[in-house]
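J.: Quick one: the structure is below, and I'll ask about it shortly.
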Amino acid sequence: MLNLVDEVQVGLLALLLISGSAAKLWRASGAGSPGHATGPTAMFPVRLRRSAATALCATEFALGAGLLLTAGSAGARGPAVVVRAATFVLFCTAVGALHELRGHRPDAGCGCFGELSRTPVSWRAITRAALLCVAALAAIGAPPVRMPRSAGQAWVTLAVAAAELALLAVLSPEVGQLMIRLGHAEPCELREVPVDRTLSALRSSAPWRRYRQFLVTTVPADIWREGCWRFVVFPGVLASRQVEVVFAVYLASRHGPVRVGVLDTGADLDGSWSGWSGSSPDPLELSTHV
Amino acid sequence: MDISTSYHHATQTGSSAWHARRALLRAAVFETRDREFWSHRPAVARSVATGIITEVREDAIVLDGPGGIELFSFSPATVTWMGAVTAPSALRVGDQVIIRHRSLDTAAPARRLAERIWARIGRVTGTIIAVQGREFLVDAGRADGSPRHVVVAAASARQVQVRFPRLAPGYLLDVIGTRRGRQLLAVIPATAQPPYRAGHAPPPPMVNGPLPASISGTAVWHEPEDEPPGLLGLGYPALDPADGKPPADGGMGCVRLPYLSLGSTVRLRNECADRSAVLPVTSNGALARQFCDRCVECGTSPKGRLADLTMAAFVELGGNLEDGCFNATMTLAG
């Protein structure tokens with residue numbers, strides 16, 4: 001049973017190291033600014049932060065890959081012991097570094113999983129690192145990892161792994177951040193919405209079907225956006241007067257409401273113009289208001 | 001502002017009539033309350049004049065500007081800035097100036113008193129691309145891609161260095177000074193340098209729920225470049241990407257602003273001077289998005305630049321150009 005627990009540590013540690021490395025790489029590819037270092041690299045001078053972050057990311061990946069490569073039949077040999085011992089040293093260093101970071105930069109996150117790790121370092125993160133340190137120590141003496149010999153053994157392996165992951169999740173502020181991000185929906189004012197989608201929504205709307213007959217052309221004369229609304233303007237003719245028909249399309253969803261207004265440009269069809277009279281009452285019923 | 005009687009003028013993008021036209025089109029769609037709120041037409045420059053000095057008298061200057069030849073009197077209270085506060089007698093024919101003024105006599109509004117005169121004032125905001133001693137080439141986002149040449153005045157070098165510790169390529173610079181031909185002699189750091197490199201501003205916080213109707217932050221100003229000198233408007237840091245403009249550096253900036261388009265109008269309030277105006281978005285404020293600074297002219301503003309005003313708009317709203325910023329609140333159309 002104890003050997004089983006030790007074997008589980010190898011896989012878990014490899015998973016955590018590789019995912020942590022990937023998360024850091026993802027963050028670095030997006031921001032890449034040493035001025036925004038999180039985690040222990042925040043304690044380095046600015047000019048060394050990029051190098052330190054790169055070294056940490058590479059080390060984690062190398063150790064995670066090393067754990068996987070030496071997990072099998074090579075598990076009892078020197079390289080496996082070296083990799084597992086290095087992992088132990090890494091997590092011991094992490095415990096000390098997080099403790100120092102908490103003291104010197106109380107606002108900094110641990111940076112363990114890139115963008116998800118912006119929560120200031122607390123006892124949870126330090127405890128997690130300490131537990132991983134213990135796990136790495138247990139892994140040093142683990143025998144080569146093999147497939148479970150029976151269904152019962154497989155269930156025990158899964159149960160141990162699940163229990164350990166649950167414990168790590170409780171100690172991980174990143175889980176909460178991930179849940180927040182998964183449940184987050186940007187306000188419509190901040191969403192990028194292609195113009196084509198707006199025009200498509202407009203052309204499938206009731207106000208479009210009602211006013212289409214008054215338009216001179218279906219090519220918009222003007223399009224602009226204000227927050228959750230995109231305005232689309234077409235030249236038109238209404239009651240022998242040149243007008244501009246303006247549609248306002250709500251951008252919050254694909255089939256959001258569409259409102260319409262008509263602006264009398266003040267010109268008769270014969271081209272004579274009596275001055276810009278501004279908006280005039282629309283003889284047609286306006287579309288449904290929001 | 002009078003809406004042009006020419007419909008064709010009203011359809012020319014960028015004109016004041018074009019901005020007013022969009023406001024009317026919006027009002028044609030939405031309810032009366034919105035129409036009344038936005039019925040105040042975009043600001044008119046009632047207290048700002050720009051132009052070139054054609055004559056310097058003992059108690060007045062003559063200005064040749066967009067409004068023709070104008071005369072502005074001095075008083076002992078008139079403040080003249082040309083790299084530093086100086087006397088009006090330091091002004092010279094040919095100096096480009098911007099003046100905040102008021103009428104001396106309500107019965108004779110043509111007689112105007114200069115309250116504050118800024119001569120040859122300039123500002124460079126952008127990314128350092130080359131450094132040699134106190135000289136810098138700065139990418140200020142010009143349309144033609146040409147860099148700005150900045151020389152830090154010897155007397156101001158220490159002050160600038162304190163606020164901008166990383167005067168190296170790839171880092172941001174924002175300085176105010178006097179223009180000398182194509183060069184800016186920098187005398188004032190406009191802000192504190194961000195710790196991050198240009199284009200790597202911190203990600204903004206997530207926003208849940210609808211954005212508030214009013215957003216507070218800081219308002220700054222920029223030189224006219226290709227814009228008319230007396231233009232009232234602002235560079236907006238969050239133009240709709242679908243407008244087809246090339247994506248600018250700086251990510252989303254550190255203050256979440258709703259997407260608007262060129263020509264959209266906003267109401268901007270100077271919290272320090274207690275003045276507000278409706279201003280059109282006249283340019284892309286991409287550079288403003290790169291800064292996450294605060295303005296401390298009257299209290300401490302929230303982080304982030306809301307608007308990069310034209311010089312005339314900044315002065316019209318009561319800001320002093322040498323201060324570089326004012327605490328601002330922006331209200332958007334509902």
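The values are calculated or read from the model by the stated rules, or taken from the named source; none is laboratory data. Just so it is clear, the structure is predicted and the values come from calculations on it, not from any experiment. Because the Cβ atoms are built from the backbone with ideal geometry, glycine has one as well, and the counts that use them run over all protein chains shown.
J.: How many of the residues making up region A:84-137 are under 15 Å from residue A:41 (Cβ atoms), touching an Asp or Glu at 6+ places or on another chain (Cβ under 8 Å) and at pLDDT below 85?
T.: Adding up the residues that qualify gives 3.
Yes or no, residue by residue, for (1) under 16 Å from residue B:230 (Cβ atoms); (2) touching a Phe, Trp or Tyr at 6+ places or on another chain (Cβ under 6 Å); (3) surrounded by 15 or more Cβ atoms within 10 Å (Cβ to Cβ):
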residue	(1), (2), (3)
B:70	yes, no, yes
B:75	no, no, no
B:81	no, yes, yes
B:94	no, no, no
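J.: What about residue B:48, is it in contact with a helix residue (DSSP H, G or I) (Cβ under 9 Å, 6 or more places away or on another chain) and modelled with pLDDT of 80 or more?
T.: yes
J.: Related question: Give region B:301-334 a look and list any residue that's polar (S, T, N, Q) and either within 14 Å of chain A (Cβ to nearest Cβ) or under 20 Å from residue B:164 (Cα atoms) (or both), or say none.
T.: Within region B:301-334, B:331 is the sole residue that qualifies.
J.: Can you tell me how many residues within region B:171-207 are within 10 Å of chain A (Cβ to nearest Cβ), surrounded by fewer than 16 Cβ atoms within 10 Å (Cβ to Cβ) and in contact with a strand residue (DSSP E or B) (Cβ under 8 Å, 6 or more places away or on another chain)?
T.: 0
J.: Also, quick follow-up: Report every pair of residues separated by at least 6 positions or lying on different chains whose Cβ atoms are under 7 Å apart, first residue within region A:77-105 and touching a residue at least 40 places away in the same chain (Cβ under 8 Å), second in a helix (DSSP H, G or I) and among the polar types (S, T, N, Q).
T.: A:90/A:59
J.: What tally of residues in region B:304-334 results from selecting those that are surrounded by fewer than 19 Cβ atoms within 10 Å (Cβ to Cβ) and among the charged types (D, E, K, R)?
T.: 1
J.: Quick one: how many residues across region A:180-236 are aromatic (Phe, Trp, Tyr) and farther than 28 Å from residue B:280 by Cβ?
T.: 2
J.: Please work out which residue is modelled with the highest pLDDT, limiting yourself to region A:164-200 and to residues that are surrounded by fewer than 12 Cβ atoms within 10 Å (Cβ to Cβ) and more than 14 Å from chain B (Cβ to nearest Cβ).
T.: Looking at the filtered set, the residue picked out is A:166.
J.: Okay, next question. In region B:258-278, which residue that is free of Cβ contacts under 8 Å to residues at least 60 places away in the same chain and of a type outside the set (D, E, K, R) is surrounded by the fewest Cβ atoms within 10 Å (Cβ to Cβ)?
T.: Filtering region B:258-278 for residues that are free of Cβ contacts under 8 Å to residues at least 60 places away in the same chain and of a type outside the set (D, E, K, R), the one surrounded by the fewest Cβ atoms within 10 Å (Cβ to Cβ) comes out as B:273.
J.: May I pose another question? Go through region B:306-325 and give me each residue that's in a loop (DSSP other than H, G, I, E, B) and within 19 Å of residue B:188 (Cα to Cα).
T.: Result: B:319, B:320, B:324.
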